[in-house]
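The values are calculated or read from the model by the stated rules, or taken from the named source; none is laboratory data. Since the model is a prediction, treat every value here as computed from it, not as a measurement. Please note: Cβ atoms are built from the backbone with ideal geometry, for glycine as well, and neighbour counts cover all protein chains shown. For the accessible areas, the whole protein counts, side chains as well, though only heavy atoms, and no ligand, DNA or RNA atoms are used. Shrake-Rupley method; radii C 1.70, N 1.55, O 1.52, S 1.80 Å.
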Amino acid sequence: MVLIPSGFPLFSIDKRNAAAFAYSQLQSLNFSAHCEAATAIRAALLIQRWYRQYAARLEIRRRCTWNIFQSIEYAGEQDQIKLYNFFGFLMDHFTPASTERNLISHIFRKNEFCHDTEWERYFCYKSIEVTDSYTGPHLTFPMTFCGVLKLVEAIKHKQQLHARYVLQLFGETWRLLRIFPNINQISAYQNKQITICGDLHGQLEDLLLIFYKNGLPSPEKPYVFNGDFVDRGKNSLEILLILFGFLLVYPNDVHLNRGNHEDHIVNLRYGFTKEVLGKYRVHGKKILKLLQKIFSWLPLATVIDNKVLIVHGGISDTTDLDAIARVDRHKYGSALRLPKPTKHAVNGSKTQTIHNREACGPVEGRRRVCSLTNYSSGPTHRQDLPRRSLNNEQLNWSLEKELKKRRRLAGFDQSYGELKKSDCDSDLESGERTETDVGEWKQIVDVLWSDPMAQNGCIPNEVRGGGCYWGPDVTEEVLGRHNLQLLIRSHECKQDGYEFCHNRRVLTIFSASNYYEVGSNRGAYIRMGPDLVPHFIQYQASRTCRELTLRQSVGWTERSALRALREQLFIHRSDLISAFQELDPNNKGMISLMHWASATEKVLNLGLPWRVLRPQLVSSTQYGMVDYQQWIRELSITEPKQEISDNSILETMYKNHSNLETIFRIIDTDHSGLISFEEFRQTWKLLSSHLQTEISDKAIADLAQSIDFNKDGVIDINEFMEAFRLVDISAHT
């Protein structure tokens, strides 16, 4: 059958040509269809090319944003370590009678109650009454699964646990942690997966989401939490209560590694100290002191089936897991400074070093030493600890008896009430640091603070100020020496929640989503079965973030990062002007973009791509030149309305806002939130010594009087910090 188009003259077609005509029509239709298909393909390619360019631009913006947040974060960590090193210098070089030395000496006394036989009474919860008005959960001990479930539900509903129960739970946790080795050995049994979580940083919403998606800890669902439970977020204390609660119920199946933020000196700067004191004004100091002890007893690493090493930060070219297994970890309440040297007893012409473990009896009495290469030689292991369950409250093998034994060997009597003179937690008073002391300290600092790098080698981590950067060759050497196949670490926020490096031999896992800003990153955790292959589960806890498109998410995060960066530019404006003027010898007020970028980096030292960021920071340029005077005026950060005779003190305040708050909290030993005018003066003297600058007493006095709003002769720290808070005008217009 031949189809003739409508309107075509039939007389012009005979039967002989009908087939030829039909064939030609089909060819024409095929050509038309081919053209349409080609046009569609070209359109698809154009759309695909446009989308790739669009996605690439978004990715560039996201990476620049990421670099801004991370650079500012690491600069803050570096400042904290420099400040603490300055305090250490005062302790080492100032005379005992020095006012400056006395001001900060208490932060170096690791346990100021250790010499007092009544120290356990100080931490004792029994004298704290639970009144009838308390509506939160009532805990019973030993902790049960039902008990910890009640605790989790109460925390979900924002109920605050009574201080009595907080101290009791933390006290039980400290007693349990003392019998754990430095390196926990665990196994991935058949049909049982181990869940590994990275940094949580006080973000309770992330922890609860992990439990919702993955299930609660249990013998069938063991967990490893890889440090940095606290700081920055607002619910660090609640996270500790939940994790320690599950640890008490399942000591074989919940494993907690120490992070670099489990450190009372770091907590002074990054919010945990302030959080605890804000929630528990009466008993907050006791809670912090007890947590200081707990942090020092957290294990340093976990090893799965002798093949997968889990540490918070990383390794260095000197990392030796057998040495780490032998370290007396409790000596390092803060890893930012070497502990006090070992005590020497002189016997005639010979000097004997009395080590902690010798003063306390056998090493096994302090803790079970775990060797990676031969860990079965120890007397017991964590897997030998008794299991507790809801259906079996009676322990088949008494943990309480083991605790009594350990504590007796450590110098406690059977009533747990007195601490003998041989107590191993006591501070060592005199002597010289040995190479062993320095070596042990370096082992701990490296596993808590280090980061991987792409290049071979091992160099000091000057960006953070602690630990090292290590390369792929170091990974291969250390893992090969210990017959390991994978290193899992945390410590660094990753946009996708995880990241492989070093030929997939190093894996970073980070579990705090929206860490820098809503939409800035996903959180993730790992499931690992007997095959030891990591499987990743990603999430974002914020509902707001899940409702944003990619473009909205990047834009939101970018605006937040630029606000933070403009704040840094504003507080360094005097230094920036000086740097620009050096490049403008004729005083024209104009410098090139290249000079603008190099001078800005020289002042802020953040390692950012300033020329890429220029369109977001500089509103206009003329022929590749920047009017730097106009640009400084356009920075949209306003300053506080303080009438101070010396403007240099304002500049110092802006640049060292966090340092000042840290010093205030150190000097405010009673945690009252108030400091006297004299303490305020000494605070500024300390800061000026640290910065090697001169600030006159009159300028300090003027500042103190101007911020004493109620004229009561003391300064409220929180009001002081708020008075000098920098405000981004553009965020309110």
> Under a 1.4 Å probe, what is the accessible area of the range 536-624 per residue, stated in Å²?
Replying inline: 55 Å²
> If you stretched the chain out fully between ARG504 and GLN53, how much longer would it get, using 0.36 nm times the residue separation minus the C-alpha to C-alpha distance?
Replying inline: 159.5 nm
> Please identify the trypsin sites (Lys or Arg not before Pro) of the range 150-180 that satisfy two criteria: DSSP loop assignment and at most 14 other Cβ atoms within 10 Å. Which are they?
Replying inline: LYS158
> Can you give the accessible area of ILE571 in Å² (nearest 10), computed on protein heavy atoms with a 1.4 Å probe?
Replying inline: 10 Å²
>> Just to verify a number: what accessible area does SER578 come out at with the full protein assembly present, 1.4 Å probe, Å² rounded to tens?
In response: 60 Å²
> What's the carbon and sulfur percent of the range 250-315's accessible surface, probe 1.4 angstrom, rounded to a whole number?
Replying inline: 53 percent
> Taking a point 7 angstrom from the Cα of ASP317 along the C-beta vector, which residues in the range 448-475 have backbone N less than 15 Å away?
Replying inline: 453-461, 468-475
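Counting residues in the range 560-605 as N, plug N into 2.2 N^0.38 Å and put the Cα Rg over that result.
That works out to 1.18 for the range 560-605.
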>> Loop only by DSSP, 13 or fewer other Cβ within 10 Å of the Cβ. Give me the trypsin sites (Lys or Arg not before Pro) in the range 475-546 that pass, ordered by residue number.
In response: ARG504
>> Counting heavy atoms of the protein chains only and a 1.4 Å probe, report the per residue accessible area for the range 180-287 as a whole number of Å².
In response: 27 Å²
> Stretched out fully, how many nm does the piece from ASP473 to ALA33 gain, at 0.36 nm a residue minus the Cα gap?
Replying inline: 152.6 nm
> Excluding ASP231 itself, what net charge comes from residues whose Cβ is under 12 Å from its Cβ, given Lys and Arg +1 and Asp and Glu -1?
Replying inline: -3
>> List the trypsin sites (Lys or Arg not before Pro) within the range 569-625 that DSSP assigns to loop and that have no more than 12 neighbouring Cβ atoms inside 10 Å.
In response: LYS588
>> Tell me the relative contact order for the range 172-271 as a rounded percent, counting alpha carbon contacts under 8 Å between residues six or more apart.
In response: 30 percent
>> Rounded to the nearest percent, how much of the accessible area of the range 535-610 (1.4 Å probe, protein heavy atoms only) is carbon and sulfur?
In response: 47 percent
>> With θ taken as phi - 60° and the coefficients 6.51, -1.76 and 1.60, list the Karplus ³J(HN,Hα) couplings across the range 472-483 in order, rounded to whole Hz; mark glycine and proline as x.
In response: x, 5, 5, 4, 4, 5, 5, 5, x, 5, 9, 6
